[in-house]
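Here's the structure we're looking at; comments come further down.
Nothing in this text is a laboratory measurement; each read-out follows from the coordinates by a stated rule. Everything quoted here is computed from the prediction, not taken from an experiment. Note that each Cβ is placed from the backbone with ideal geometry, even for glycine, and that neighbours are counted across all protein chains shown.
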């Protein structure tokens with residue numbers, strides 16, 4: 001996982017503070033502090049597990065005395081009825097941690113599962129499925145980790161990780177009289193290190209202009225399949241090619257078959273449905 005231990009602990013602390021508020025009034029008024037029990041995290045729907053160690057950390061941050069045994073690790077393909085973790089110890093502590101632990105696990109497993117569906121849809125084709133920066137604020141490192149668990153790859157983690165000249169950059173600078181070639185050159189000159197320069201385009205003509213301007217990567221944004229094929233034919237061997245915008249499970253294979261090198265899909269993180277997972281308290285004394 002790319003996030004540091006301290007970063008994950010901080011994310012969990014904020015989630016727990018949000019959920020617990022001034023305390024779990026229901027549990028504190030009903031459950032004796034010394035009551036012990038055993039619970040299991042149970043998957044209700046088929047998918048790819050991601051975030052089980054984050055869930056484990058939630059339980060430990062609520063109560064270090066809880067015992068959490070991971071039965072299936074991240075990346076496992078799971079289905080209805082599968083128990084992926086066993087938690088034993090204070091029933092009150094288990095109940096206080098339950099919702100936050102499940103929120104992380106359901107969200108990350110949903111992203112991994114959605115990513116895996118896209119990866120499987122283009123299996124056998126020489127293309128890579130990538131995410132975008134369309135992530136939940138504050139959870140990017142975890143969500144991009146879940147993409148990797150699902151078999152995808154990460155685009156930029158932050159704006160400091162690469163140069164991507166988008167339509168609004170171009171529009172702003174063209175108003176100042178700069179050509180696309182000058183814009184690409186300016187980006188190279190201003191970069192703190194030698195990084196690939198990527199340019200977003202919407203037409204075949206713009207794609208050719210980007211290559212002529214010296215772009216290392218050309219992003220074909222919201223292009224039709226026919227136009228993608230034309231752009232790939234003209235660009236192949238001169239720059240890497242990324243397809244983005246309007247990518248769905250229904251059309252991702254057709255996009256991959258155009259010959260692009262990468263396909264970036266915002267839906268991996270902004271539209272993935274949570275995987276149905278619950279906690280069941282099985283025994284107590």
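When the helix-only estimate is applied to the chain (DSSP H runs of n ≥ 4, each -39,500 (n - 2.57), divided by the residue count), what is the mean residue ellipticity at 222 nm, nearest 500 deg cm²/dmol?
The helix-only estimate for the chain comes to -13000 deg cm²/dmol at 222 nm.
Could you please rank 276, 13, placing first whichever residue has the fewest other Cβ atoms within 10 Å of its Cβ?
Lowest count first: 13, 276.
Sort largest first and round to whole Å: the equivalent ellipsoid semi-axes of segment 44-103, each the square root of five times a Cα gyration tensor eigenvalue.
Semi-axes (√(5λ), whole Å): 21, 11, 10.
Residue separation times 0.36 nm, minus the C-alpha to C-alpha distance between residue 71 and residue 226: what's the value?
On the way: separation 155, 0.36 × 155 = 55.80 nm, distance 4.74 nm.
So the chain would gain 51.1 nm between residue 71 and residue 226.
If you rank 39, 141 by fewest surrounding Cβ atoms within 10 Å, what's the result?
With the fewest neighbours first, 39, 141 line up as 141, 39.
Calculate, in whole percent, how much of the Cα-Cα pair population of segment 65-174 lies beyond 24 Å.
44 percent
Give me the distance in nm between label points sitting 7 Å out from Cα along the Cα-to-Cβ direction at residue 166 and residue 186, one decimal.
It is 1.8 nm.
With axes computed from alpha carbons, what is the tilt in degrees of helix 91-121 against the longest principal axis of the chain, rounded to the nearest 10 within 0 to 90?
So the helix axis and the longest Cα principal axis differ by about 30 degrees.
Find the relative contact order for the chain and round it to a whole percent, using C-alpha pairs within less than 8 Å whose residues are 6+ positions apart.
The normalised contact order for the chain reaches 24 percent.
Return, ordered by residue number, the residues of segment 33-60 whose backbone nitrogen is under 19 Å from a label point located 7 Å along Cα→Cβ of residue 19.
Those under the cut-off are 37-45, 49-60.
Take the Cα pairs of segment 1-121, get the Kirkwood Rh, then feed it into Stokes-Einstein at 20 °C and 1.002 mPa s and tell me D in µm²/s.
Answer, rounded: 142 µm²/s.
Mind sorting 87, 217 by how few other Cβ atoms lie within 10 Å of their own Cβ, fewest first?
Placing the least packed residue first, the sequence is 217, 87.
How big is the chain by the Kirkwood estimate over distinct Cα pairs, in Å? Intermediate values should be presented prior to the final figure.
Values: mean 1/r = 0.0476 Å⁻¹.
Mean inverse Cα-Cα distance, inverted, gives 21.0 Å.
I'd like the orientation of helix 225-235 relative to the chain: the angle between its Cα long axis and the longest Cα principal axis, in ° from 0 to 90, rounded to 10.
Compared with the principal axis, the helix lies near 60 degrees.
Give the whole-number value, in cubic angstrom per residue, of the convex hull volume spanned by the C-alpha atoms of segment 122-270.
117 Å³
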